[in-house]
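Here is the structure we will look at, set down as C-alpha cells.
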Amino acid sequence: MPDELPQNELRGLRRGWIEPLKKAYYRFLKIRGNPREIAFGFALGLFVGMTPFMGLHTAIAVPLAALFKWNKFSAALAVWISNPLSAPAIYGITYYTGAKVLLIQDGYKLPAEFSLDALLYTLRSAPEIIGILMVGGIVIGLPLAALGYYFSLKAILEYRESIHRKLEKKKATIAKKLKRKKYLKKKRKKNRR
C-alpha cells in the first residue's frame, strides 16, 4: 500500500487548484456591465470552447462577443473550459458524440505505435476528425451554453443582490447612528438651557 499524504499536504494540494478556481469565480462575479451581456458572453465562450480549435478559442470568442455586443472578458474566461487538462476528455466526448450523430461506425482509430506511416494516416484523417469534432462540439456546446447562460446570470444577479442588501444595511446603520447623534446633540442643547 502506498504511503498516504499527510493531512496538511493534502489540504495544500486541494488549496493549490481550488483557490485559483475560487478566485476566477469571484472575479467573474465582479465583472462590470449588464448581467445579461456578461452571461451571453460566458455562454458564447463555453460554446466556442467545445470546438476543436484549441489555441484559437479566445481569438474566436472575443471578436464574436464584440460583434454581438456581449461581454468579451466573460467570453475569454469561459473558453478555458477547454484547456490542456480537460481537452482529452472534452475531445473524446465530442468525437464520440459527433460520430454517433453522423452515424459513423468505423471512424479514426489511434495507431498502435507511433511511426511516420501513423503520422501520415492521422494527417490524412484530419479533415474527417475535425468535422466529427465540430458536429459533436455543436451538439454538446449548445445545451452547455444554455446552461452556462442560465447559471452565470443567476450567480451574477444573486451576487449583485447580496451587495445591494449589504449596502442598504450599511446605509440603515449609518442613518441610525446619525439619528442617534442628532438626538443626543438636541438633548445636550436642551439640558444647557
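The values are calculated or read from the model by the stated rules, or taken from the named source; none is laboratory data. Model, not experiment: these values are computed from the prediction. Glycine gets a Cβ as well: all are built from the backbone with ideal geometry, and neighbour counts include every protein chain shown. Note: accessible area is taken over every heavy atom of the protein model, side chains too, but ligands, DNA and RNA are not part of it. Shrake-Rupley method; radii C 1.70, N 1.55, O 1.52, S 1.80 Å.
Computing Rg and the Kirkwood Rh from the Cα coordinates of segment 30-169 gives a ratio, Rg/Rh, of 1.13. Listed by chain and number, the lysines whose alpha-carbon sits under 29 Å from that of LYS190, ignoring those within fewer than 8 places in the same chain, are LYS171, LYS176, LYS177, LYS179, LYS181, LYS182. Heavy-atom accessible area, probed at 1.4 angstrom with all protein chains present, ranks LYS30, LYS23 as LYS23, LYS30, highest first. Counting only the Cα atoms, segment 121-193 fills a convex hull of 82 Å³ per residue.
FRET efficiency for the TRP17 to PHE151 pair, using the beta carbon distance and R₀ = 25 Å, is estimated at 0.75. Using a probe of 1.4 angstrom and keeping all protein chains present, the accessible surface of the chain works out to 75 square angstrom per residue. Using the Cβ-Cβ distance between ILE93 and GLU113 with R0 = 25 Å, the FRET efficiency computed as 1/(1 + (r/R0)^6) comes to roughly 0.45. Here the contact order of segment 86-180, divided by its residue count and restricted to Cα pairs under 8 Å and six or more residues apart, works out to 37 percent.
For segment 29-110, the spherically averaged projection of the C-alpha convex hull amounts to 6.4 nm².
Among 157-164, 168-175, the peptide with the highest mean count of other Cβ atoms within 10 Å heads the list, and the full ranking is 157-164, 168-175.
Determine which residues of segment 33-53 fall in the zone a paramagnetic label at ASN83 would reach in this model, i.e. backbone nitrogen under 20 Å from the point 7 Å along Cα→Cβ. Those under the cut-off are 41-53. Dividing the mean sequence gap of close Cα pairs (under 8 Å, 6+ apart) by how many residues the chain holds gives a relative contact order of 26 percent.
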